[in-house]
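Presented below is the structure to which this report refers.
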Amino acid sequence: MAIVMVKRDLLTIDDINLEEVIQLIDLGLKIKRGIIDVSKDLNGKIMAMIFQKPSTRTRVSFEVAMIEMGGHALYLGWDQLQLGRGETIADTARVLSRYVDIIMARVYRHADIAELSKYSSIPVINGLSDLYHPVQILSDLLTIQEVFGKLKGLKLAFIGDGSSNVCHSLLLGCTKVGIDISVATPKEFPPNRNVLNKAYDYIRVSGSYIKVTDDPHIAAKDADIIYTDTFVSMGFEEEREKRIRIFIPRYQVTKNIMSKANSRAVFMHCLPAHRGEEVSDEVIDGDQSIVWDQAENRLHMQKAILRWLLADV
Ligand code: CP
Ligand code: NVA
């Protein structure tokens with residue numbers, strides 16, 4: 001009887017169960033500490049990386065991870081592909097599946113990465129869509145585990161755009177592993193209702209809590225982690241003036257907001273940072289900021305994800 005291999009995708013935190021999240025964090029930390037050698041895991045494997053938007057961390061960490069694991073990565077700009085001239089996503093997926101072993105894509109519309117996954121016979125990783133940024137948040141959970149030695153029972157406050165991809169994936173990631181999460185966002189930018197419902201499903205299992213408020217001081221109170229992201233995500237540039245007017249006066253992470261958190265709280269940001277908008281220089285450059293370790297850990301988590309999806313181990 002033929003064995004049918006079911007391919008795995010990573011489009012959202014919902015594609016991965018709690019046990020797998022914990023295993024990926026453990027694996028990523030072992031890779032970082034040199035306890036596991038992954039340098040030959042992906043010998044001869046090739047990744048196609050499709051980018052419809054700019055990227056520094058996601059692109060470079062995935063490309064370096066592939067190279068350091070013995071594989072190779074192809075950077076494919078959306079407009080350099082025939083996709084940019086109207087070839088369908090489905091046809092592109094069918095063709096790339098004949099050439100490469102895995103696809104990572106950064107797109108505007110989440111529906112487009114779902115389409116890519118549907119017609120690919122190989123694993124597809126979401127490198128950010130308008131709705132989710134799962135690989136960022138898996139890496140952030142690794143960073144939190146590294147800093148605090150635990151996940152369950154911690155409190156994270158997200159201050160900023162509650163309707164953003166990063167906030168959505170944090171809502172799912174935190175509630176899955178048992179981190180309490182408070183989101184402070186203006187009433188005009190609430191988290192997506194379906195994402196919130198999914199997070200409420202998760203807390204029935206993990207026992208953590210979710211709070212959504214428009215008051216950043218309430219959200220930050222007693223937090224172990226203060227997290228923010230840009231007020232103007234890629235694709236929302238035409239709303240820049242309105243967003244800046246609503247967000248900056250109340251939601252910029254300043255020393256004052258940090259002072260509401262635990263005295264040993266850390267500051268996290270997925271980056272790129274817009275200094276003077278979502279965060280002040282003194283916070284991002286201050287003693288509580290762990291943003292550079294957070295960025296480094298993208299590389300270690302990408303290796304863990306690639307080994308999980310691709311390596312014959
Ligand atoms: N945090 C993150 O995904 O950064 P890039 O946009 O540089 O990839
Ligand atoms: N929310 C941001 C994340 C960037 C990594 C954006 O989508 O632009």
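The values are calculated or read from the model by the stated rules, or taken from the named source; none is laboratory data. Values in this document were obtained by computation on a predicted structure and should not be read as measured data. Cβ coordinates were reconstructed from backbone atoms using ideal geometry, including for glycine residues, and neighbour counts include every protein chain displayed. Side chains included, ligands, DNA and RNA excluded: accessible areas come from the protein's heavy atoms. Shrake-Rupley method; radii C 1.70, N 1.55, O 1.52, S 1.80 Å.
Things worth noting here:
- Checking each residue in segment 130-148 for being among the charged types (D, E, K, R) and under 19 Å from V60 (Cα atoms) picks out only D140.
- For segment 82-108, a residue qualifies if it is polar (S, T, N, Q) and either open to solvent by less than 50 Å² (accessible area, probe 1.4 Å) or in a helix (DSSP H, G or I) (or both), and the qualifying residues are Q82, T92, S97.
- Beta carbons closer than 8 Å, at least 6 apart along the sequence or on distinct chains, pair a first residue in segment 1-23 that is over 17 Å from R307 (Cα atoms) and modelled with pLDDT of 90 or more with a second that is in a helix (DSSP H, G or I) and among the β-branched types (V, I, T) for I13/V21; I13/I137; L18/V177; L18/V205.
One line per residue, one yes/no per condition, for (1) surrounded by fewer than 13 Cβ atoms within 10 Å (Cβ to Cβ); (2) under 19 Å from G162 (Cα atoms):
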residue: R245; (1), (2): yes, yes
residue: S259; (1), (2): yes, no
residue: V266; (1), (2): no, no
residue: C270; (1), (2): no, yes
residue: A273; (1), (2): no, yes
residue: E278; (1), (2): no, yes
residue: I284; (1), (2): no, no
residue: S289; (1), (2): no, no
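- Matching entry among A295, A273 (being closer than 23 Å to Y132 by Cα and either assigned to a helix (DSSP H, G or I) or of a type outside the set (A, V, I, L, M, F, W, C) (or both)): A295
- Selection count where residues are outside any loop (DSSP other than H, G, I, E, B) and buried (at least 20 other Cβ atoms within 10 Å of the Cβ), scope segment 114-160: 21
- Sole exception among (1) open to solvent by 10 Å² or more (accessible area, probe 1.4 Å); (2) in contact with a His (Cβ under 9 Å, 6 or more places away or on another chain) for D79, by number: (2)
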